[in-house]
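This report refers to the structure that appears directly beneath it.
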Amino acid sequence: MAEVMLKNVSKVYSENVVAVKDVTTQIKDKEFFVLVGPSGCGKSTILRMIAGLEEITSGDLFIDGKKMNDVPPKDRDIAMVFQNYALYPHMKVYDNMAFGLKLRGYSKTEIDKRVKDAGEILGMSQLLNRYPKQLSGGQRQRVAVGRAIVRKPKVFLFDEPLSNLDAKVRVVMRSELKKLHERLDATTIYVTHDQTEAIAMGDKICVVKDGIIQQIDTPLTIYDKPKNKFVAGFIGSPPMNFFDCKIIENSDGIWIDEGRIKVGVLDEHKELLKNYIGKNVIFGVRPESVYDKLYARGATPYNTITAIVEIVEPMGSEAFLHLDTGLNKLVARVDAHTNVLENQNIELVLDMRKIHIFDKETEVAVI
């Protein structure tokens, strides 16, 4: 397998439309690297430039230490799985998987071995004589993956391969793709707009917005320590709650003042906020860091707020409370057995160890 490196890679279309700007990143050998972001952010364009399907406007691409800018796609030793599967409807599964190998002049014996090995890996040996129309969506996706596996490439590229599947099948397939990656020990670059999918699958996640990389790190680090408001709001479900607040100081300490609610800053955060006293900031807290006071430990006047319950959304093992502070809306992710009614006042406890503060102007994380 191989390392992939992009150095200051940009893609500019006609009329100065910048799709990707100055992307620099290193994808390690055997790493599962996920590009994630909203539709139109440039993540698929990055993937297509790696594949050679889009020309690089500026910058350099290296695969296994070799510069690939001008190397044709067929000579890059990569395999790509597309969103729409791209199967030949008139060919059986076996022939769909074998087609690329036939074009490359492999012997019948080698083709047969590779196709049958891939069929066994994917658990679809019994489907090799069927046509695509006789398969379910998940099975068709396996065929598309199998066609990539038989190539034994240095790098696998996946462009939103699960987006056409229903929710239940997606969960199953993302688990299978992760296990497949571990079994093949391959370098994999995976594009998705689904942040849950990115967190579940990636060794590293690259969050992209407007063609610019916002943050690259492990899923847990991106979740716990987002570098800016966009990353904080994009990663996590339900998304992070944000309030416009002011940092104030009095004899009781430093406080985050929303106007209707106020919480005290922990000692460990005071040094980080000393230059923001008297200034407006963006306060962020994840729904899972907001607790019903009746079920919370360590409630104090410094971390307790009051809000009105607008909607109770049962989710089975948990419930989402949609709340109104009087100035802002927020969501709390609480135990399903929380005994709360709509239009009721509720006291909530915030985990102040897990709050986030962003600069009002730059939206860069302060805490």
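Here are some notes:
- Only a single criterion out of (1) in contact (Cβ under 8 Å) with a residue 60 or more places away in the chain; (2) in contact with an Asp or Glu (Cβ under 9 Å, 6 or more places away or on another chain); (3) surrounded by fewer than 13 Cβ atoms within 10 Å (Cβ to Cβ); (4) of a type in the set (A, V, I, L, M, F, W, C) is not satisfied by VAL364, namely (2).
- Close Cβ contacts (under 6 Å, 6 or more residues apart or on different chains) running from residues in the range 207-227 that are more than 19 Å from PHE283 (Cα to Cα) and among the basic types (Lys, Arg) to residues that are modelled with pLDDT of 95 or more and open to solvent by less than 50 Å² (accessible area, probe 1.4 Å) comprise LYS209/GLY37; LYS209/CYS41; LYS209/PHE230.
- Selection status of LYS225, under 30 Å from LEU272 (Cα atoms), in contact with a Gly (Cβ under 9 Å, 6 or more places away or on another chain) and basic (Lys, Arg): no
- If you filter the range 262-285 down to residues that are of a type in the set (A, V, I, L, M) and in a loop (DSSP other than H, G, I, E, B), you find that the one that is surrounded by the fewest Cβ atoms within 10 Å (Cβ to Cβ) is LEU266.
- Within the range 223-242, tally of residues that are in a loop (DSSP other than H, G, I, E, B) and either among the aliphatic types (A, V, I, L, M) or in contact with a strand residue (DSSP E or B) (Cβ under 9 Å, 6 or more places away or on another chain) (or both): 7
For every residue, the table says whether it meets (1) hydrophobic (A, V, I, L, M, F, W, C); (2) surrounded by 20 or more Cβ atoms within 10 Å (Cβ to Cβ).
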site	(1), (2)
LYS179	no, no
THR187	no, yes
VAL191	yes, yes
ILE199	yes, no
GLY202	no, yes
ILE205	yes, yes
LYS209	no, no
GLN215	no, yes
THR218	no, no
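- Taken together, ASN129, ASN164 contain a single residue that is out of contact with any Lys or Arg (no Cβ under 8 Å at 6 or more places or on another chain) and open to solvent by 60 Å² or more (accessible area, probe 1.4 Å), which is ASN164.
- Residue count for the range 330-361, restricted to those that are over 18 Å from LYS293 (Cβ atoms) and in contact (Cβ under 8 Å) with a residue 60 or more places away in the chain: 5
- Scanning the range 72-99 for residues that are open to solvent by 40 Å² or more (accessible area, probe 1.4 Å), in a loop (DSSP other than H, G, I, E, B) and out of contact with any strand residue (DSSP E or B) (no Cβ under 8 Å at 6 or more places or on another chain) yields PRO72, ASN84, ALA86, TYR88, PRO89, HIS90, LYS92.
- Residue within the range 82-95 that is modelled with pLDDT under 95 and β-branched (Val, Ile, Thr) present: no
- Checking GLY259 against (1) buried (at least 18 other Cβ atoms within 10 Å of the Cβ); (2) touching a residue at least 24 places away in the same chain (Cβ under 8 Å); (3) not in a strand (DSSP E or B), the condition it does not meet: (1)
- Cβ pairs under 9 Å, 6+ apart, first in the range 309-326 and on the phi < 0 side of the Ramachandran plot, second assigned to a strand (DSSP E or B) and among the aromatic types (Phe, Trp, Tyr): ILE311/PHE320; VAL312/PHE320; GLU313/PHE320; PRO314/PHE320; THR325/PHE243
- Taking the listed residues ALA319, ALA299, the one that is part of a loop (DSSP other than H, G, I, E, B) and open to solvent by less than 80 Å² (accessible area, probe 1.4 Å) is ALA299, with no other qualifying.
- For ALA2, the conditions (1) closer than 21 Å to ILE216 by Cα; (2) open to solvent by 70 Å² or more (accessible area, probe 1.4 Å); (3) at pLDDT below 95 are fulfilled apart from (2).
- CYS245, sole failed condition from (1) open to solvent by less than 80 Å² (accessible area, probe 1.4 Å); (2) in a loop (DSSP other than H, G, I, E, B); (3) without any contact (Cβ under 8 Å) to a residue 60 or more places away in the chain: (2)
- Checking the stated criteria, ARG286 turns out to be among the basic types (Lys, Arg), over 19 Å from GLU249 (Cα atoms) and within 29 Å of the chain's Cα centre (by Cα).
- Of everything in the range 341-359 that is surrounded by fewer than 16 Cβ atoms within 10 Å (Cβ to Cβ) and out of contact with any helix residue (DSSP H, G or I) (no Cβ under 6 Å at 6 or more places or on another chain), the residue that is modelled with the lowest pLDDT is LEU341.
- Exactly one residue out of GLU310, GLU288 is acidic (Asp, Glu), closer than 23 Å to ASP224 by Cβ, at pLDDT 95 or above and open to solvent by 10 Å² or more (accessible area, probe 1.4 Å), and it is GLU288.
The values are calculated or read from the model by the stated rules, or taken from the named source; none is laboratory data. Source: prediction; values computed, not measured. No Cβ is skipped: glycine too gets one built from the backbone with ideal geometry, and neighbour counts run over all protein chains shown. Side chains are part of the model used for accessible areas, which takes the heavy atoms of the whole protein and leaves out ligands, DNA and RNA. Shrake-Rupley method; radii C 1.70, N 1.55, O 1.52, S 1.80 Å.
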